[in-house]
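The structure appears right after this line, and notes come after that.
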Amino acid sequence: MAGKTLYDKLWDAHVVRADPDGTTLLYIDRHLVHEVTSPQAFEGLKLTGRQPWRRESMVAMADHNTPTDPGFTTIADPVSRLQVETLDANARGLKLRYFPIGDQRRGIVHVVGPEQGATLPGMTIVCGDSHTSTHGAFAALAFGIGTSEVEHVMATQCLIQKKAKSMLVRVDGQLGPGVTAKDIILAIIGKIGTAGGTGYAIEFGGSAIQSLSMEGRMTICNMAIEAGARAGMVAVDDTTIEYVKGRPSAPQGDLWEQAAAAWRALHSDADAVFDQVVTLDATAIQPQVTWGTSPEMVTSVDGAVPDPAREADPIKRQSMEQALRYMGLQPNTPMTQIKLDRVFIGSCTNGRIEDLRAAAAVIKGRKVAASLKQALVVPGSGLVKQQAEAEGLDKVFTAAGFEWREQGCSMCLAMNADRLLAGEHCASTSNRNFEGRQGVGGRTHLVSPAMAAAAALAGHFVDVRRF
Amino acid sequence: MKSFTQLDGLVVPVDRANVDTDAIIPKQFLKSIKRTGFGDFLFDEWRYHDHGEPGMDCTNRPRRTEFALNQPRYQGATILLGRENFGCGSSREHAVWALEEYGVRCMIAPSFADIFFSNSFKSGLLPIPLAAETVDRLFREVEATSGYRLAVDLAAQTVTTPSGETFRFEVDPFRKECLLNGWDDIGLTLRHADEIRAYENRRQQEAPWLFA
Ligand code: SF4
């Protein structure tokens, strides 16, 4: 019999019961909660008179709607405010672990979970948020769910699931200078497409993935959902265990030794068989920039906007034409000639301390291009912000002309006041370039933090390696 | 949850690949703490010229007449015909609530994004994946024939065209059962409460740090 994949191991350890047709009741260890997808679930619980099954499994915080203005005290938009207040009332009412506004530990759930050690290897982790896949970087089975499922987990600690197929994406070789985890995942999506991972749980492996830090691995797993996969994961190694050690919610003492030993088994067996294997050569990956309205519409910075006339598939051609119309771009325009209006550094993809360090290293001592309307840095959590300030990164950014903001989702999805105006082009370190994602009519180009920083200085895209 | 058995419905085509949930219901509507009030804002940016905000009265908003949902021939549609990877992007169940409130009960496309697919069943909507060639043909027939309807039979797992041609579709047996009966998942799961507790007891021995 073939060995087990990491996904098999995580799955098997959480099966409460399984029907012959494969319908499985899967136990959930950690439930992260934010203000946007939870109110209707809390209300459902109340209406049916149910209590949370295991409230200690829940960690709640507001991130999507929260303002990022330095030192803000209230939320001006009454609808946003009500949503945040509703979470506040629900979390306090049910005595959940909760990081309210004003708590330095609050931030984007996918940044805070790992930071606090609430995300541990071997766990099943869910959140009413598609980028829950981020936590798979810890060899956890982590995926996004809808609001009905949020209520289901609250009430039963379980989800009704069917096992997905398994895919191994192996990236081998050493990344070139200036090439980052973000470029790897964009290159993967460019290769397999945004529906390439549909129906699969992806394990990322190979020497290029193993040599990434935990933050880099989180960036990769974060965007597994953009490749269509509900979950992405990376095996446990020393890097994982060192990252988790000493975090506030990580096990301590004897329990730590026991846990760390168990976690060492969280990798695919050498003879495990995957339903599909995709390989990439890390040495061939260049800094990536998206040109369209789907993350698969991506090319190297030294490339150009593609020409739909050369696309044989009529449906693809139509999407490309649609995207170019929306983006206001002409076929064959070199990526480096795309002028920018705003730059956004942040989000659960690239709002961690290493991301800010990488951006600051490019910016140090230079100035944001005068043609730019705005350049924004939004740390992923209050602790990331604190750390960055301790290292003086905030000064590097503000001296260059960047705004230094409070933590939150911010311009990643523009539910708060930070957004693009119609027609504006933005270099963004976030994960989605859909139409209107960063504001109605806004045009998003996804890039790494270093590429975003270089673009801010130049006012258009530039190859960070030649900068 | 509403049950779903049979449906004989008018079809509206949304002819784009990778329709994401931001397009189905834009983010400003996610600020609502309610489960209703989304139907008028379904595909807001493609449907209206102006910018929609929660609670707005949509009666007199300027409409984009080229968008199928605004064309008189598609009014009252209950079946939405889509392309590849329908419902990708954000996990927001509001997308399904918006479709449901608008009146859609069934979506047909070559493929659906995972979270959207499972969210659909929770509100009693049926997503049907059919072969890309079949969907392509249906698009042509819908556009050529005003008043084009399809008959969906969940028990038999068939979609039948006006000319009597029938396509079989696959659906997960458990989801089918729930949809046919209008069963609520939470109630079903709580019937296994003892097994959940037994699992927890066993797991607490194996991995006590998960319960610390
Ligand atoms: S940063 Fe963006 S992608 Fe991440 S949770 Fe917030 S809105 Fe979602």
Completion exercise
Two pseudo-spin positions, 7 Å from Cα along C-beta at residue A:467 and at residue A:55, lie apart in nanometres by 4.8
Problem - Share of Cα-Cα pairs in segment A:306-417 lying beyond 19 Å, as whole percent - result: 56
Completion exercise
Averaged over the residues of A:141-153, the number of partner chain Cβ atoms within 10 Å of each residue's own Cβ comes to 6
Practice task
Bin all alpha-carbon pair distances of segment B:34-78 at 10 Å intervals from 0 and give each bin's fraction as a whole percent.
Solution key: 26, 56, 18, 0
Practice task
Would you work out which of B:99, B:71, B:134 lies farthest towards the positive end of the dipole of segment B:54-212, given +1 charges on the beta-carbon of Lys and Arg and -1 on that of Asp and Glu, about the Cα centre?
Solution key: B:71
Practice task
Tabulate in residue order the Karplus-calculated ³J(HN,Hα) for segment A:345-360, using 6.51 cos²θ - 1.76 cosθ + 1.60 with θ = phi - 60°, rounded to whole Hz; enter x for Gly and Pro.
Solution key: 10, x, 5, 6, 7, 9, x, 9, 4, 5, 5, 5, 5, 5, 5, 5
Exercise for the section: Find the sum over both chains of the accessible area lost when A and B are paired, probe 1.4 Å, and report it in Å² to the nearest 100. Expected result: 5300
Handout entry: Fraction of alpha-carbon pairs over 24 Å apart in segment A:164-283 - percent
Key = 30
Handout entry: List of segment B:19-33 residues, accessible area with partners at least 20 Å² below that of the chain alone (1.4 Å probe)
Key = B:20, B:22, B:27, B:30, B:31, B:33
Completion exercise
One finds the C-alpha centres of segment A:238-288 and segment A:38-64 to be spaced, in Å, by 30
Completion exercise
Among A:368, A:408, A:303, the residue whose Cα sits farthest towards the positive end of the charge dipole of chain A, when +1 is placed on the Cβ of each Lys and Arg and -1 on the Cβ of each Asp and Glu, is A:368
Handout entry: Estimated dipole of segment A:3-146 in Debye, rounded to 20 [Cβ of Lys and Arg +1, of Asp and Glu -1, Cα centre]
Key = 460
Handout entry: Share, in percent, of DSSP beta bridges within segment A:328-467 that are antiparallel, nearest 5
Key = 5
Handout entry: Inverse mean reciprocal Cα-Cα distance (Kirkwood Rh) of segment A:228-299, Å
Key = 16.2
Exercise for the section: Quick one: check the C-alpha center-to-center distance for segment B:176-212 versus segment A:121-188, whole angstrom. Expected result: 22
Exercise for the section: Could you tell me which of A:347, A:332, A:359 has its Cα farthest along the dipole of segment A:299-370 towards the positive end, charges placed at Cβ (Lys, Arg +1; Asp, Glu -1), taken about the Cα centre? Expected result: A:359
Exercise for the section: In whole Å, largest first, what are the principal axis extents of the Cα atoms in the protein assembly as shown? Expected result: 70, 61, 53
Exercise for the section: List the relative contact order of chain B as a percent without decimals, with contacts defined as Cα pairs under 8 Å and 6+ residues apart. Expected result: 26
Handout entry: Dipole magnitude (debye, nearest 20) for segment B:100-212, charges at Cβ of Lys, Arg, Asp, Glu
Key = 120
Exercise for the section: For segment A:58-105, list whatever residues lose no less than 30 Å² of accessible surface once every protein chain is in place, relative to that chain by itself, with the probe at 1.4 Å. Expected result: A:79, A:83
Practice task
Give me the percent of the accessible area of chain A that comes from carbon and sulfur atoms, probe 1.4 Å, all protein chains in place.
Solution key: 51
Fill in the blank from the handout: Other residues with Cβ under 9 Å from the Cβ of residue B:52 give, with Lys and Arg +1 and Asp and Glu -1, a net charge of -3
Handout entry: Cβ-based net charge around residue A:274, under 13 Å, with every Lys or Arg adding one and every Asp or Glu removing one
Key = -2
Problem - Using distinct alpha-carbon pairs, which all enter the 1/r mean, Kirkwood radius of segment B:41-190 in Å - result: 16.7
Problem - Test item: Cα-centred dipole of the protein assembly as shown, Lys/Arg +1 and Asp/Glu -1 on Cβ, debye - result: 840
Problem - chain A, relative contact order [Cα under 8 Å, separation at least 6], % - result: 17
Problem - Gain upon complete extension [residue A:92, residue A:281; 0.36 nm per residue less C-alpha separation] - result: 63.1 nm
Handout entry: Residue among B:133, B:100, B:45 with the largest mean-square fluctuation in a Gaussian network model of chain B, springs linking Cα atoms under 10 Å
Key = B:133
Exercise for the section: Return an integer: the convex hull volume of the alpha-carbon atoms of segment A:1-100, in Å³ per residue. Expected result: 157
Problem - Out-of-range pairs (alpha-carbon distance over 23 Å; input A:182/A:364; A:162/A:245; A:182/A:385) - result: A:162/A:245
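The values are calculated or read from the model by the stated rules, or taken from the named source; none is laboratory data. If you're wondering where the values come from, they're calculated on a predicted model, not measured in any experiment. Because the Cβ atoms are built from the backbone with ideal geometry, glycine has one as well, and the counts that use them run over all protein chains shown. Note: accessible area is taken over every heavy atom of the protein model, side chains too, but ligands, DNA and RNA are not part of it. Shrake-Rupley method; radii C 1.70, N 1.55, O 1.52, S 1.80 Å.
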